[in-house]
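Below you'll find the structure, written out as structure tokens, and then a few comments.
The values are calculated or read from the model by the stated rules, or taken from the named source; none is laboratory data. These numbers come from a predicted model, not from an experiment. Cβ placement follows ideal geometry from the backbone for every residue including glycine, while neighbour counts extend to all protein chains displayed.
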Amino acid sequence: MTSAESRSGLNRGELARYAGRVGERWPLEQAILGGARVADLRGAPEQRERGPEYVVVLVSGSFDGMPWLERVYQAGNLWDAGEMGARADVHCYTPVELERKVASLRVVREAVGAGVDLLAQD
């Protein structure tokens, strides 16, 4: 994380709490935050298609055998939009599923490639 990000509007405390809430249900291997607000922090131009304000990519082997919509619904309900200032587009994958989605979904590829690691120790 850059010094600009640490001074940014990202609510790092709430992001850590969110990762903790999700991690209590499913052991997380990765938790990545992307989306328009992260792109803003990284200097993206104002004149662009913003897309979702927040994109959260959660990766856990524990998602295996659980229907995708159920994972997304449960993990999405743990996101505090009021605290964060916007809803999140939540993606929940097993490690194998993530490999396929990085190759096929731009929003996931961008989050994984340029997002903020929510599990990293500051």
For LEU119, the lone unmet condition from (1) modelled with pLDDT of 95 or more; (2) assigned to a loop (DSSP other than H, G, I, E, B); (3) over 15 Å from the mean Cα position of the chain (by Cα) is (3)
Checked region 31-69 for anything under 18 Å from VAL112 (Cβ atoms) and touching a Pro at 6+ places or on another chain (Cβ under 8 Å); matches are GLY35, ALA36, VAL59, SER60, GLY61
The residue that is surrounded by the fewest Cβ atoms within 10 Å (Cβ to Cβ), considering only those in region 6-37 that are farther than 24 Å from MET66 by Cβ and among the polar types (S, T, N, Q), is SER6
Anything in region 69-119 that is closer than 23 Å to ARG42 by Cα, among the small types (Gly, Ala, Ser) and surrounded by 13 or more Cβ atoms within 10 Å (Cβ to Cβ)? List them, or say none.
GLY85, ALA86, ALA88, ALA111, ALA114, GLY115
When region 71-100 is checked residue by residue, the ones that are among the β-branched types (Val, Ile, Thr) and over 15 Å from GLN30 (Cβ atoms) are VAL72
